[in-house]
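J.: Pasting a structure here, questions to come.
The values are calculated or read from the model by the stated rules, or taken from the named source; none is laboratory data. Keep in mind that what you see is a predicted model, and the values were worked out from it rather than measured. Every residue, glycine among them, receives a Cβ derived from its backbone with ideal geometry; neighbour counts consider all protein chains shown.
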Amino acid sequence: MRAFSFLVLLFSFSALSYAQKPLPSKGDDDSLPSFTVARKDTWLHRFEKRQQKTVELLGLTEPQKRSLDVLNDNYVTQRANLQEDKTLNLQSRQAKIETLRRERETKFKNILTVTQLAKWNELRKLQKKKTFRKK
């Protein structure tokens, strides 16, 4: 019984003495924990990476790249504003983001030539098959 009490005491002391990184004070610039900031930027990072790959695969011209950059800048700004809007509930925020995404996709398709659009549609079909197989 003494050994069990000693082990419980040792375990509780070990658990309490394990120091965690203190949260930054309110005056610091890094007022959010790093995992929160990283999560916020995750969608943007994936979006930019996917767009770079799209430009390479479709072989966009310089004017098309510039048009796509303007379209993406507008999309990212509007989506970030929706993400930060605390007046919207979850469902309405998701609906507005989906509407914004569809509008962006329509404008993106208008930038492409007929052959690029055909290649884009083929890539989308392959991606959907690949995603479906994973689940």
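J.: Considering only residues of the stretch 45-76 that are β-branched (Val, Ile, Thr) and more than 18 Å from THR106 (Cβ to Cβ), which is modelled with the lowest pLDDT? Spell out the reasoning first.
T.: Let us first name the residues in the stretch 45-76 that are β-branched (Val, Ile, Thr), namely 54-55, 61, 70, 76.
When the remaining residues are screened for being more than 18 Å from THR106 (Cβ to Cβ), the result is 55, 61.
Working: VAL55: 87, THR61: 92.
If we take residues in the stretch 45-76 being β-branched (Val, Ile, Thr) and more than 18 Å from THR106 (Cβ to Cβ), then VAL55 is modelled with the lowest pLDDT.
J.: Something else now. Hey, any hits in the stretch 90-101 for a residue that's over 16 Å from GLN51 (Cα atoms), hydroxyl-bearing (Ser, Thr, Tyr) and under 22 Å from the mean Cα position of the chain (by Cα)? Spell out the reasoning first.
T.: From the stretch 90-101, those over 16 Å from GLN51 (Cα atoms) are 90-100; that's our starting set.
Imposing the further condition that a residue be hydroxyl-bearing (Ser, Thr, Tyr) reduces the set to 92, 99.
The next check asks that each one be under 22 Å from the mean Cα position of the chain (by Cα); those that pass are 92, 99.
Taking every residue of the stretch 90-101 in turn, at least one turns out to be over 16 Å from GLN51 (Cα atoms), hydroxyl-bearing (Ser, Thr, Tyr) and under 22 Å from the mean Cα position of the chain (by Cα).
J.: Scan the stretch 87-135 residue by residue and report those that are of a type in the set (Val, Ile, Thr), in a helix (DSSP H, G or I) and surrounded by 11 or more Cβ atoms within 10 Å (Cβ to Cβ). Break it down stepwise before answering.
T.: The first filter runs over the stretch 87-135 and keeps only residues of a type in the set (Val, Ile, Thr), leaving 87, 97, 99, 106, 111, 113-115, 131.
Filter once more, keeping what is in a helix (DSSP H, G or I): 97, 99, 106, 111, 114-115, 131.
Listed by number, the residues that qualify are ILE97, THR99, ILE111.
J.: Turning to a different aspect of this structure: Under the condition of being crowded, with 16+ Cβ neighbours inside 10 Å and among the polar types (S, T, N, Q), which residue from the stretch 55-71 is nearest to GLU103 (Cα to Cα)?
T.: Among residues in the stretch 55-71 that are crowded, with 16+ Cβ neighbours inside 10 Å and among the polar types (S, T, N, Q), the one nearest to GLU103 (Cα to Cα) is SER67.
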